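In what follows, a single structure is set out as structure tokens and then discussed.
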Amino acid sequence: FTQAYTPAAKCSPARASVLTGRYPWQNAELGNHIAFWPGDKYPTYNETLVEHGYFAARIGKGWAPGIYPDHRRLSGEVYTNGNNLKCFTDFLNDVTPGQPFHMWFCGADPHRGFKKGKHTPERLAQVDIPSYWEDTPELRQDLADYADEVMRYDRELGIMMDMLDERGLLDNTLVIMSSDHGMPFPRAKGDTYMAGNHIPFAVMW
């Protein structure tokens, strides 16, 4: 989809909107960046799926930064035992055969801080610098590192889809890939410019 936009260009209010299906201004305290989940208010789609027989879980960040009540399971089970691919394998092994499932994969890539890469001069020369930024070696390095993290996220997602395919589950699974906001650079994340609000959004079924 080429015209997808976030309801808020910061992670916590954007993710709260995804979980509740409500705009930030309808989410009271959750419309803030560093917030707390107000008690039993605002059921999430994950909790609703569990109530209807789904095995729901997540890997990674989920809703954050923020504080929510211990008795709420906003994302179902949380897998943290190993790297992302091991967690996903464990999740698939835990699903009862025939049970519908939902996994919210929140990869740490491409979130700051980036791992500093060793890029060739040819690679750095290929970096596309938006016209509203000053072209500096430091910025080219930063953008190249960001691109590496995007590719690593894509690669992990691709492996997870292969794992679903190997188990005969891919043809009956809805896969949604998106972002909570734009890239973590000036005039993007946290701002009202297009680079912070226009997000990737792809769906496969």
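For LYS61, the residues whose amide H sits under 5 Å from its own are CYS106, ignoring neighbours fewer than 5 places away on the same chain, with H placed 1.01 Å from N. Binning at 5 angstrom from zero up to the longest distance, how are the C-alpha pair distances of the range 112-172 distributed in percent? In whole percents, the pair-distance histogram is 4, 16, 20, 16, 13, 8, 8, 8, 5, 2. Sorting the segments 21-34, 141-154, 116-129 by their mean number of nearby beta carbons within 10 angstrom, highest to lowest, gives 141-154, 21-34, 116-129. Mean residue ellipticity at 222 nm, helices only, the chain: -10000 deg cm²/dmol; runs of at least 4 DSSP H residues each add -39,500 (n - 2.57), and the sum is divided by the number of residues.
Taking only the alpha-carbon atoms of the range 17-98, what semi-axes of the equivalent ellipsoid follow from 5 times the gyration tensor eigenvalues under a square root, in whole Å, largest first?
Details: eigenvalues 129, 46, 20 Å².
For the range 17-98, the semi-axes come out at 25, 15, 10 Å.
If you take the alpha carbon atoms of the chain and fit the smallest convex hull around them, that volume is 142 Å³ per residue.
Computed from the coordinates by the stated procedures, all read-outs in this text should not be read as laboratory data. Not measured: the values here are computed from a predicted model. Positions of Cβ are generated from backbone atoms using ideal geometry, with glycine treated the same way; all protein chains shown enter the neighbour counts.
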